[in-house]
Every structure is written in C-alpha cells, then in structure tokens.
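Enquirer: Take this structure, written in structure tokens, and hold onto it; I'll ask about it next.
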Amino acid sequence: MYKKILVPVDLGREKNAIKLCKAAKDFASEDSEIRLITVAPGYGMSVVASFFPADAQEKAMEELMILLTKLARDNLDGNVSVRVREGKRARKILEEAEKWEADLIVVGSRKKLSRNGQRVLGTCSSGVADRAQCNVMIVRGLPLR
C-alpha cells in the first residue's frame, strides 16, 4: 500500500473523477493520505487576461476549490486534502507530487486512439508518466465526455 497518493482530476468530467477516487482507495491503507488536485489553465499572456474582470481567475479558483472539496467529501474517506493549482497540467501535477513527496500518482487516460487505431496516452497522462519521480498508476478507458 502507498502512504501518499496524489489524484489529479478534471472537474469537468465528474464520472472520470469518481473512477479515479475509487482507484486511489484501492491502493490506500488506513493510514494513507490522499490528495486531490485540479489544475486550472492560466491566462498565460497579459493580453488575454485583459479580456476578463480583474477578479475572474480568483473567483474561478474559489469555485474549483468548492467543487473539489465536494468531490473529496462524497467519494473519499480518511485523511484527504485538496489543492487547486493554475498553469500547465502535467507540470503542476509533477510539482505537487514532488513537493508533497507522493509515492503514487493515480492519473486517468481517456479512450484516445492514434491514426492507426492504437491506444495512446494523452498529453497530460503521458507527461506525468514519463517524468514522475514516483510510481504512476494509469486508469485507462475513461470516456472522452
């Protein structure tokens, strides 16, 4: 069993997020810590940010925290924490895993096929699996929508 399990979720895909929570519970013991994380895209360029009200990103982050907390409360037991980050998904997930000293990352992979029909990992799950300093469990076959 693992002591610190990081679970990145896309709150826009609730069914997938619930599946990831269930998978994390399968690898947890009574004294494990599970941390849910979601990563909001940043505005990147100041010209993009100028199209939004000054507090739009802050309000979005607060709403994501509420949704993530509800997901954790409804689907996980025990020692659970939640984090909302802003930026590039794979990079922020890897930073959180390293900072928190996670020993397992449970990440989803949607049903993505290459041109020749073979299953491939998406950009985020591939980036996490390739560069993580800890074990990564990929939950395959999550629906696209």
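The values are calculated or read from the model by the stated rules, or taken from the named source; none is laboratory data. This structure is a prediction, so every number in the text was calculated from the model and none was measured. Quick reminder, even Gly has a Cβ in these numbers, built from the backbone with ideal geometry, and neighbours come from all protein chains shown.
Enquirer: Is it fair to say Val82 is of a type outside the set (S, T, N, Q), in a strand (DSSP E or B) and more than 21 Å from Ser109 (Cβ to Cβ)? Talk me through it step by step, then tell me what you get.
Expert: Details: of a type outside the set (S, T, N, Q): yes; in a strand (DSSP E or B): yes; more than 21 Å from Ser109 (Cβ to Cβ): yes.
Yes, satisfied.
Enquirer: Still on this structure, I have one more. Is it the case, given these coordinates, that Val106 is under 16 Å from Val139 (Cα atoms), at pLDDT 95 or above and β-branched (Val, Ile, Thr)?
Expert: Working: under 16 Å from Val139 (Cα atoms): yes; at pLDDT 95 or above: yes; β-branched (Val, Ile, Thr): yes.
For Val106, the condition - under 16 Å from Val139 (Cα atoms), at pLDDT 95 or above and β-branched (Val, Ile, Thr) - is met.
Enquirer: If you don't mind, another one. Just to be sure I understand, how many residues within the stretch 1-43 are surrounded by fewer than 17 Cβ atoms within 10 Å (Cβ to Cβ), in contact with a helix residue (DSSP H, G or I) (Cβ under 6 Å, 6 or more places away or on another chain) and over 30 Å from Ala54 (Cβ atoms)?
Expert: The total comes to 1.
Enquirer: What pairs come up if the first residue lies in the stretch 82-93 and is over 11 Å from Met65 (Cβ atoms) and surrounded by 17 or more Cβ atoms within 10 Å (Cβ to Cβ), the second is at pLDDT below 95 and among the polar types (S, T, N, Q), and their beta carbons are under 9 Å apart, counting only those six or more places apart or on different chains?
Expert: What qualifies is Arg89/Thr123; Ala90/Thr123; Ala90/Ser125; Ala90/Ser126.
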